[in-house]
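Undergrad: Below you will find the structure I want to go over with you.
The values are calculated or read from the model by the stated rules, or taken from the named source; none is laboratory data. Fair warning: this is a prediction, and the values are worked out from it, not measured in the lab. For neighbour counting, all protein chains shown are included, and Cβ atoms are generated from backbone atoms with ideal geometry for every residue, glycine included.
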Amino acid sequence: MVGLGFAGRTALEAFSELPDVEVVALAGLETDILKSLGAKHQVPNLFEKWEDLLAVDGLDAVSIGTPTQLHAPIALAALERGLHVLCEKPLARTVAEGTAMVEASKQAGRVLKVVFNHRERGDVATLKHQSGWFTNRELSGGGPLIDLGVHILDMALHLMNEPKVTTVSASTFAELGPRGRGSVSSVVRPTVDTLGAKFEVEDLATAYLRLEGGGALQLETSWATYRAPGDNFGIELFGTEGGAKIDVQDYTNKDTLKIFTDVGGIPAEVRPATGAGLGHRAVVSEFVAIVLSGDWAAHNGSEALARTQVIDAAYASAKAGREVVLND
Ligand SMILES: NC(=O)c1ccc[n+]([C@@H]2O[C@H](COP(=O)([O-])OP(=O)(O)OC[C@H]3O[C@@H](n4cnc5c(N)ncnc54)[C@H](O)[C@@H]3O)[C@@H](O)[C@H]2O)c1
């Protein structure tokens, strides 16, 4: 397992709980955390650099929880060595990197799976398992781009049964983040305030996606805007037979899902009770189950690459100031 931050530690906890899994090596640059996690989970091989970890004999799989620029180099080296790969979201920074990873998975005949743990939230699973109206393409959802947006895009396309995205039109802004203004996300604020990091990326993105079959998806995501404080994400679906809304404030799992329908012509709202869901635990166990099943060919990262293609197209659209058509 590579990476000792939030993503790496969450995956480590999840892997450690599984009976068929032995975590034999850990890598990360924070030597104190490396030692303490190694001792806690009795991991025999501890390294600072991922290259040293991949040299360990007898590995079956590697789990990548590093900053995104390292996803492609680590996955490519691991697949070349015949290892299965579980990689944090987003798959990669660009379509070019992501395509190389998917190709390497196909070439090696090994699993490449991406951690889309928000799918495993209780409200998303409940909504996905409602049948009927949400398979209609007349639906809508919310929130790009590459960091938070990829989760929202993944949940929305998942709930809508994977319609193909045909065009993307997007705008991006960076008015507030660079000045430390607005309701800056709790995830980003320490980076800007404490580390004095430059805010080189967009702080707000909005995108309009046309979908095969006539549906549409409106995405908005931001790290800094003038709006109500707190971390908030959600999805709104507008179907021909009903609608739904997932609204999550500060990562709560309670009372997040509403379903809209009508009863005898009268508008009605249903608030299903949903569990919290298993998040990373569900993704990690699914990865282990796929690896153990031997049925690897269908799991080569293509679905995650489709998300990266949309996000790349959104950035290209914002730069060019026009709609971008996605080809096969
Ligand atoms: N699925 C989720 O809900 C979720 C949540 C947070 C982050 N993420 C994703 O997980 C990834 C990591 O995010 P994070 O917040 O944990 O980051 P982080 O900065 O907290 O941790 C990154 C880790 O990678 C290690 N690392 C960096 N360079 C290395 C190298 N050369 N060799 C070995 N280790 C190296 C660091 O030492 C650190 O332990 C990102 O791609 C992010 O998008 C996913």
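Undergrad: So E103 passes all but one of these: (1) among the charged types (D, E, K, R); (2) at pLDDT 95 or above; (3) in contact with a strand residue (DSSP E or B) (Cβ under 6 Å, 6 or more places away or on another chain). Which condition number does it fail?
TA: Looking at each condition in turn, E103 falls short on (3).
Undergrad: Return the pairs, sorted by first residue and then second, in which the second residue is part of a loop (DSSP other than H, G, I, E, B) and more than 6 Å from the ligand (Cβ to nearest atom), the first residue lies in segment 1-21 and is more than 14 Å from I64 (Cα to Cα), the beta carbons are less than 8 Å apart, and the residues are 6+ apart or on different chains.
TA: S16/V23; S16/H41
Undergrad: Same structure, new question: Tell me yes or no: at least one residue of segment 149-169 is modelled with pLDDT under 85 and within 19 Å of the chain's Cα centre (by Cα).
TA: Yes, some residue in segment 149-169 is modelled with pLDDT under 85 and within 19 Å of the chain's Cα centre (by Cα).
Undergrad: Only one residue in R307, R271 is under 15 Å from the mean Cα position of the chain (by Cα) and among the basic types (K, R). Which one?
TA: Among R307, R271, only R307 is under 15 Å from the mean Cα position of the chain (by Cα) and among the basic types (K, R).
Undergrad: Scan segment 269-287 and give yes if some residue there is among the charged types (D, E, K, R) and assigned to a strand (DSSP E or B), otherwise no.
TA: Yes, segment 269-287 has at least one match.
Undergrad: Search segment 69-90 for residues being touching a residue at least 60 places away in the same chain (Cβ under 8 Å) and in contact with an Asp or Glu (Cβ under 8 Å, 6 or more places away or on another chain), and hand back the single one that is farthest from T308 (Cα to Cα).
TA: The extreme case among them is H84.
Undergrad: Now, a different point. Based on what the data block shows, is A306 part of a helix (DSSP H, G or I) and closer than 30 Å to E202 by Cβ?
TA: Taking the combined requirement at face value, the residue satisfies it.
Undergrad: Name the residues in segment 29-59 that are touching a helix residue (DSSP H, G or I) at 6+ places or on another chain (Cβ under 7 Å) and either in contact (Cβ under 8 Å) with a residue 60 or more places away in the chain or under 22 Å from M101 (Cα atoms) (or both), would you?
TA: W50, L54
Undergrad: Look at segment 75-99 and say how many of its residues are within 16 Å of R110 (Cα to Cα) and surrounded by fewer than 23 Cβ atoms within 10 Å (Cβ to Cβ).
TA: Final tally of qualifying residues: 7.
Undergrad: Give the residues of segment 117-129 that are charged (D, E, K, R) and either assigned to a loop (DSSP other than H, G, I, E, B) or in contact with a strand residue (DSSP E or B) (Cβ under 9 Å, 6 or more places away or on another chain) (or both), sorted by residue number.
TA: R119, E120, R121, D123
Undergrad: Which count do you get for residues in segment 57-85 that are more than 11 Å from the ligand (Cβ to nearest atom) and either among the charged types (D, E, K, R) or touching a Phe, Trp or Tyr at 6+ places or on another chain (Cβ under 6 Å) (or both)?
TA: Qualifying residue count, segment 57-85: 4.
Undergrad: So which of V2, V62, V23 ends up being over 26 Å from T99 (Cα atoms) and touching a helix residue (DSSP H, G or I) at 6+ places or on another chain (Cβ under 6 Å)?
TA: V23
Undergrad: Let me ask another. Hey, among the residues in segment 232-257 that are farther than 17 Å from L217 by Cβ and of a type in the set (S, T, Y), which one's modelled with the lowest pLDDT?
TA: Y251
Undergrad: Now a separate question. Any idea which residue in segment 287-314 is nearest to the ligand (Cβ to nearest atom), counting only those that are touching a residue at least 60 places away in the same chain (Cβ under 8 Å) and surrounded by fewer than 16 Cβ atoms within 10 Å (Cβ to Cβ)?
TA: Residue satisfying both the conditions and the ranking: S302.
Results for (1) within 30 Å of P178 (Cβ to Cβ); (2) surrounded by fewer than 17 Cβ atoms within 10 Å (Cβ to Cβ); (3) in contact with a Pro (Cβ under 6 Å, 6 or more places away or on another chain), shown as yes or no for each residue.
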| position | (1), (2), (3) |
| --- | --- |
| Q218 | yes, yes, no |
| T225 | yes, no, no |
| L237 | no, no, no |
| E241 | no, yes, no |
| D247 | yes, yes, no |
| I259 | no, no, no |
| V263 | no, yes, no |
| R271 | no, yes, no |
| A276 | no, yes, no |
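Undergrad: Also, quick follow-up: Could you tell me how many of the residues in segment 1-56 are within 9 Å of the ligand (Cβ to nearest atom), farther than 20 Å from L76 by Cβ and among the small types (G, A, S)?
TA: Residues flagged as within 9 Å of the ligand (Cβ to nearest atom), farther than 20 Å from L76 by Cβ and among the small types (G, A, S) within segment 1-56 amount to 1.
Undergrad: Restricting to segment 86-101, count the residues that are within 16 Å of V150 (Cα to Cα) and within 12 Å of the ligand (Cβ to nearest atom).
TA: 7
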